[in-house]
1. Can you name the residue in region A:227-246 that is more than 14 Å from A:F265 (Cα to Cα), in a helix (DSSP H, G or I) and within 14 Å of another protein chain (Cβ to nearest Cβ) and is also least open to solvent (accessible area, probe 1.4 Å) among such residues?
2. Look at region B:530-550 and say how many of its residues are within 13 Å of another protein chain (Cβ to nearest Cβ) and open to solvent by 20 Å² or more (accessible area, probe 1.4 Å).
3. Of the residues A:A78, A:A105, A:A69, which single one is modelled with pLDDT of 95 or more and within 24 Å of A:L148 (Cβ to Cβ)?
4. Inspect all residues belonging to region B:248-270 and state whether any of them is open to solvent by less than 10 Å² (accessible area, probe 1.4 Å), of a type in the set (S, T, Y) and touching a residue at least 24 places away in the same chain (Cβ under 8 Å).
5. So, A:R293, is that one within 14 Å of chain B (Cβ to nearest Cβ), open to solvent by 30 Å² or more (accessible area, probe 1.4 Å) and within 23 Å of A:H551 (Cβ to Cβ) or not?
6. Which residues, taken from region A:519-529, are open to solvent by 10 Å² or more (accessible area, probe 1.4 Å) and facing chain B (nearest Cβ under 7 Å)?
7. Go through (1) within 14 Å of another protein chain (Cβ to nearest Cβ); (2) open to solvent by 10 Å² or more (accessible area, probe 1.4 Å) one by one and return the number of the condition B:D437 breaks.
Number of protein chains: 2
Amino acid sequence: MARTTLLRPVGLLALAVSALALALGSPALRAAAGPPDDGVLSLLPVPESVAVRAGRFRVDEGLTIGGSAPVSSRAFRAAARFMSRLSGRTGLFVKQDFLAGQDPAGEGGIRYVFERPGALLPNEDETYSLTVDPAKVSLAAKTDLGVLRGLETLLQLLSADEAGYYFPCVSIIDKPRFTWRGLLVDVGRHFHPVEVLKRNLDAMAAVKMNVFHWHLTEDQGFRVESKVFPKLHQLGSDGMYYTQAEIREVVDYAADRGIRVLPEFDIPGHSTSWFVAYPQYSSAPGSYAIERRFGVFGPAFNPADERIYPFFDAFFKEMAGLFPDPYLHIGGDEVEGHQWEANPAIQAFKKKNGLADNNALQAYFNKRLLKILIKHGKKMVGWDEIFQPDLPTDIVIHSWRGPKSLVEAARKGYQGILSNGYYIDLCQPAEFHYLNDPVPADSPLDDRQKALVLGGEATMWSELVTSETIDSRIWPRTAAIAERLWSPASVRDVDDMYRRLGLVSLELEELGLLHLKNQDMILRRLLGRPEIKPLKVLAQAVEPLEGYKRHDQATYTSLSPFTRFVDACAPESLPARAFVKEVDRYLTGRDPQLGAKIRRTMTVWKDNHALVLAALAASPALREIEPLSLGLAQACETGLEALAVLSKGEGRPAAWAEERSKVLAGAAKPAAHAELVVVPAIAKLVEACKGPGR
Amino acid sequence: MARTTLLRPVGLLALAVSALALALGSPALRAAAGPPDDGVLSLLPVPESVAVRAGRFRVDEGLTIGGSAPVSSRAFRAAARFMSRLSGRTGLFVKQDFLAGQDPAGEGGIRYVFERPGALLPNEDETYSLTVDPAKVSLAAKTDLGVLRGLETLLQLLSADEAGYYFPCVSIIDKPRFTWRGLLVDVGRHFHPVEVLKRNLDAMAAVKMNVFHWHLTEDQGFRVESKVFPKLHQLGSDGMYYTQAEIREVVDYAADRGIRVLPEFDIPGHSTSWFVAYPQYSSAPGSYAIERRFGVFGPAFNPADERIYPFFDAFFKEMAGLFPDPYLHIGGDEVEGHQWEANPAIQAFKKKNGLADNNALQAYFNKRLLKILIKHGKKMVGWDEIFQPDLPTDIVIHSWRGPKSLVEAARKGYQGILSNGYYIDLCQPAEFHYLNDPVPADSPLDDRQKALVLGGEATMWSELVTSETIDSRIWPRTAAIAERLWSPASVRDVDDMYRRLGLVSLELEELGLLHLKNQDMILRRLLGRPEIKPLKVLAQAVEPLEGYKRHDQATYTSLSPFTRFVDACAPESLPARAFVKEVDRYLTGRDPQLGAKIRRTMTVWKDNHALVLAALAASPALREIEPLSLGLAQACETGLEALAVLSKGEGRPAAWAEERSKVLAGAAKPAAHAELVVVPAIAKLVEACKGPGR
C-alpha cells in the first residue's frame, strides 16, 4: 500500500529540512524520503499535489491577511473566520482588525486573490494554489470557492516549534475529484435546530464538502414552514419546524461556506406527516397522526387523485422560491404499496392508463412531478426508485441501494450520486466508508459515463440520534468520506487516514461540534457525578450495535430517550481499533514489548469491572451495562491467560481453546444495545495458543 | 450555622423512613433528626417549606403527566419538556405520547392544575404546592408560572434506589422571596448568538429565575436590527446582530419559560457603535468606528441637540413594539464627560437651562427620554446614575455601585434592583454572591421601603467571555444568586449550597449548557491531543485573576483570543475550595486521615509538573503556564514539608517559616492571567509549624 502521508516539518526538533521538493501528484501520491515521523503533514482531505520545501513562515501577532475581496464578500468573511480560528488555536493577540479591513495592498502576510465569485452549481471551479514562502503566503484561485478551500488547507498546515507557530513552506495545487460532496441530515425523524445545522455546515466546510442535503419531510415530521399551506407545519411537526426566515438563514450560512443546500421532500411515500393536515391526498381514508415509530409505513400520496398535482404545483412553487439551488430532491424511496393496492380507484386508474404495477404508477407520478419542478426551474433528484423508464436523462439518480444502480444509470446517460456505503447512521467503521468509491478502480464505465457520477453523500438518518448525539454519529467518520470524494482515487492508506482523522476530530471542536464532549456529558448525567472514568474505560471497548441491529433490542420511537450508555459510545472506538491492530501485529511478530502493552490494556479493562459495579449502584439507568462490563472482564481474563501462554512460546490443546471460546462467545453477545468490539481480537489470541507452541 | 439541608430518602439503602413530617417553614429552616446523610434533599433553590413523609412514588415507563392545560399552552409544553428531561435522565422509554396529549382526566401519575395564565409582570403570583404521594403527584398553583416552577422542583426530587427511580413523598409549599430574579447578558462587548441565549434561558428556568436582561448596545456593538434606522445594525455590528425575527423568537422562548425579557439600550454613554451610523448625534464631530478596546470611552449623545429626541422617539417606538415587557432599561452609566465638556454648544445649553453639571445635564436628558418611553407605554429602568432629583418615583433604580444607593432610593420611594455583589464576570466565589442580600438582616429600611427592593440581577459583562466560555462564567455560580433571590433569607448554609450547586451544575448540562464540557475542549485544542489530564490537574489549583486584575495583564480587545489556559479554568475551582476547607479542618483537629488526604492531593499536584512540562513542548500557546505549574509544584513541596512537621507534632523556628513563605509568595504571583488559589491554604500549614510544636 502506498504511503500517502505528507511531510510536515513540525515538532520541537529544529528540523533542518533540506530543500525538499516533493511532488505528490495525482494519482500516485508517493512517500517522501528524509523527514522523521513528526515531520508528517496532516492535511485532510489530501490535496491533489503537494511539494514541501525548506523554510517556515512564522505566525505571530503581526500576522495580516489581505485580499482582493470587499468587506461584504464571502472571501473576506472566510478570511476573517480563518484569522479568528488561527488566533483561537494559537492564543495570539493578532493585531490586525481583520473584521474591519483586510488591506489588499499590503505586502507579506497571507494574500488571497481570485478572479470571480464562484457559482453554487455542480462542476463549478474549486481549484486553488497555495504557496507558503518564509516571507509570505499566496493563495490564488479562479473563484472565491477555491479561496475558501485553500484557507482550510492553510489552517491545517499550522505547526509549532521551539520558536512558536509557523506554516511550513509548501506549494500545493489542489482541486476536487468529485463535484458533489454531500452530507444528508434527516431532520424528519428527529428535529435538529438551526444551530445544529450551522455547526455541521462549518464542519463540512472544514473538510471541503459542498452539498448539504436537507431531508425535510418524513412520516415523523414535516419540518418546513409553508405560508401557502400552513397546516402542513402547524399540524405535522409538533411545533418543531424551520421558519422561512430560518431556512433563508441556513441557506445563506451554507452559501457563505461554499455549500449548496439541496432540499428533499420525500414523496409519495414517507409522507404520513403531510396527511395530518391533508388526509384527502393520501391513498386511504381516515385521519392521520404524526408517526412516532420507525420503519416503512403505508401512507402514500394518491397519484390517481388529480387534486394532488395543483397542490404540489403551489407547494413547490413556494419551495422553489425558498431554496435557490437548481436541484430539488423528491425522495421517492420505499413506497410500501398497501394503500395503493387497497384503493379500487387507484387500481382502476392503473388499468385505465396501462400502468402494469406500482413502479409504473410511481413513474407516472414522477413524470407529473417533473413537469411541475421544471415549471419552477428545478431539476429533479430522487432515490434509486425514481430510475424508471421514460424519465428524461437530466434527472439525478441518488443511489442508496448500491453502486450497481449507479452504473446502470450512467450507462443509460443519467447523472448519479452515491450514498450506498456512506450510511453513517449504521455505526460502521470509517475504513468501510473510506474504501467505498463512487467510481472504483474496477468500474466497468467508460470515461464519459464515469463523468456522470457526480460524487456522493454521507447520510445521517436520524432514527437513533438526537441533537445531543448527532455530531458524534457524523464526525469524525464523515471526514473520511469527504477525503474519498475530494482526494485522488489513489489516496487509500487506511492507517494514515485514521491518524489524520484523529487530528481533524480535535480541530472540529473549535467550530462548536459536540462529538467529543458529549460523551462525558451523557455519562455524567447517567451517573449523577462528575467522575466517570470507569464508564469511559468501558466505552473504549464498546460500540453501538452495527447496522439495523439496535432496532431488534427495543421498539424505539421519536420520543425514546437517547441518553443511555450506548448513546455515549462512539460509533467507532478508536482505542478498540488500536487494540485490534496491536493484537494483529503481536501475533505476527510476538514482540514482547507489544505483548506487554496489550497486557496492560487488558489488565485495565479487567480491573475496571469492580469500579463499574460500584458506579451502577447509584444509577438504575446504567445497570443494563453490567453484562458488558462483566463480559469485558471475563474476555480480558481469558486474553491475559492466552497472552501468558503465547509469551512463553507455549501451546495448548484444542479443547483448552474451545472452552475459552465459549467464554468469549458469551462476552460477544449484545447488551445494552451495544457490543464489545475487542472480543474477536482476544479470540485470535486464544486461537493462536492452539497447538504445540513455538 | 443552621443546617439547611433538606431530607431526601435516597440511595441504595431501602430506607425505612418513618412518618417524618418536617415543616421547614420560612424563615427558620431547621435540621431534621433521623435520616442518614444520603437521605438529604438537593433542591436548589430551597423552597419556602418542605415536609418529607414516608413513601415513594415510583417513576417507570408507565408514568403519565396530565393537566388542565390545552396542547398549545405554556404549561402543556413545560410538562412535555419535563417528561423529556425525566426520560433523558432515567433512560426510561416512557409510554405516554406526552407531545400529543396529556390526559386531564387520568388518575395517578403527575397531575397539574392552575387557575389562570400568569402575567409576565413584577409581583405576579408564582406560588405552587407540590404533594408527592405513593400513588400520585399533585402540583397546584394559582398561575401556570407556579406550575413551571413546581415542575423544576419535582425534577430535582428524582431519586434512585435498588428498585429504580422514584420521587420521595413530600409536601412542598413554595413561593419566591423576590419578584425580580434576573440575569444580565452583555451581547455588546461580545456577541452571543440566539442558541447561547436559549440554553441560558433554560438554565435560568431550571433555578427559577424570571428576568432576562438583554444588554443590547455598547461601544463595541449595536446588536438589534432596526427597520427604522437600519444603518444602526448594518454599520454598528460587524454583521453580528439579532434580526427582529430572532428577537421575537427569544422573547417567546423566554415567555414560554416564565421569563421576562428586559431590553437595555445604554445611553447617552457607552454608545460609540450608534455613532458609526449617526455621528451627527454624538457630542463631538468626526467619524466613528466600532470600538474594539474595553473601558469607559468618550462618545456620548448630545442632549443639547434637539434632533436626537425625535430620533429616539422613532427608535423607541420601534423597540417598544418589539419587546413586550412594560419596562425598558436605558443604561445611563459611566458617561465619561469629555465630549460634553469640550463642546461649546453643550456648555452654552447647560448655562441657558441652569444645568449646574453633567449630572444635571444627564438628568435633563433622562427626563426627555422618560416622556418618550411613557408615550410608548414603557417604564424606565436605569443604572444608579439615573437616580437624580426631579425624576418621578415610578422609575426603577438598578444598583451597580452598592446597596447604599438602593437604600437611598427606597427611602425616597423608588423601586430598586441590586446587581452590586452579583458581578459574575469578576470570577469571585459563589459564596461571596450567595451571602450578598438585596435586603440584608441589618437593613435600615422599614417594611414598606423593603418592599420597594424588587430583587436583583447577576450581570454577565462580556469583555472577557466568548460564546465558548460564557456558560462557565455564568454557571453554576449564578444558581447561588438564584437561591438568594428565591429562598427565605435564612437559607445561608454555604457548605450545603456548594453541595447542591455541584449537583445542579450537572443537571444544567442536559439543557445544553457548555460550562463543564468546554474546559476539556479548550485544553484539547491548546494541546492538539485528546489526553489532557496534566492540564486538568493543574486547573484544579488555578483560577482566573479576580476582579479587574486580568486587564492589567494584557490589552484585551473584542478580537482577542479567549482560548487560553485561563479561559479553560473555572471562575471558582471547587477542588481548590475543597482543599482549602480540608486544610482548615486539619489545622483545627490534626486528624491524621485528613492529613493523609491532603498529602495525597499535594503529591499529585507536585508530581504533575513534569507531566505539564512534557505537554508544553508541543504547544507554544501553553508555555505561559509553566510558572503556574512550577509554582504549584514548589508550593506543594513546601506544603508537604510543613505537613510532615505537623504530623509529627513538631515545630519550627520563625526563620524556617519565613524562608518558606518566600517560596509561597513567588508561587502566589499571577501568571498566564491566572493565579494559584491554593497557596494561602499551604501558607497556613507553614504558619502552623511556627513555634515549639505540640
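The values are calculated or read from the model by the stated rules, or taken from the named source; none is laboratory data. Given the structure is predicted, the values throughout are model-derived calculations rather than measurements. For neighbour counting, all protein chains shown are included, and Cβ atoms are generated from backbone atoms with ideal geometry for every residue, glycine included. Side chains included, ligands, DNA and RNA excluded: accessible areas come from the protein's heavy atoms. Shrake-Rupley method; radii C 1.70, N 1.55, O 1.52, S 1.80 Å.
1. Top of the filtered list is A:Q244.
2. Start the filter on region B:530-550 by keeping residues that are within 13 Å of another protein chain (Cβ to nearest Cβ), which leaves B:530-533, B:536, B:540.
If we keep only those that are open to solvent by 20 Å² or more (accessible area, probe 1.4 Å) as well, we get B:530-531, B:533, B:536, B:540.
The total comes to 5.
3. Details: A:A105 fails: modelled with pLDDT of 95 or more; A:A69 fails: modelled with pLDDT of 95 or more.
None of the others qualify; the one that does is A:A78.
4. No, region B:248-270 has no match at all.
5. yes
6. Listed by number, the residues that qualify are A:D520, A:R524, A:R525, A:G528.
7. (1)
Listed here are the residues, each with its yes/no results for (1) among the polar types (S, T, N, Q); (2) touching a residue at least 40 places away in the same chain (Cβ under 8 Å); (3) over 16 Å from A:L86 (Cβ atoms); (4) in contact with a His (Cβ under 6 Å, 6 or more places away or on another chain).
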| residue | (1), (2), (3), (4) |
| --- | --- |
| A:G118 | no, yes, yes, no |
| A:A135 | no, yes, yes, no |
| A:S138 | yes, no, yes, no |
| A:L145 | no, yes, yes, no |
| A:L151 | no, yes, no, no |
| A:S159 | yes, yes, no, no |
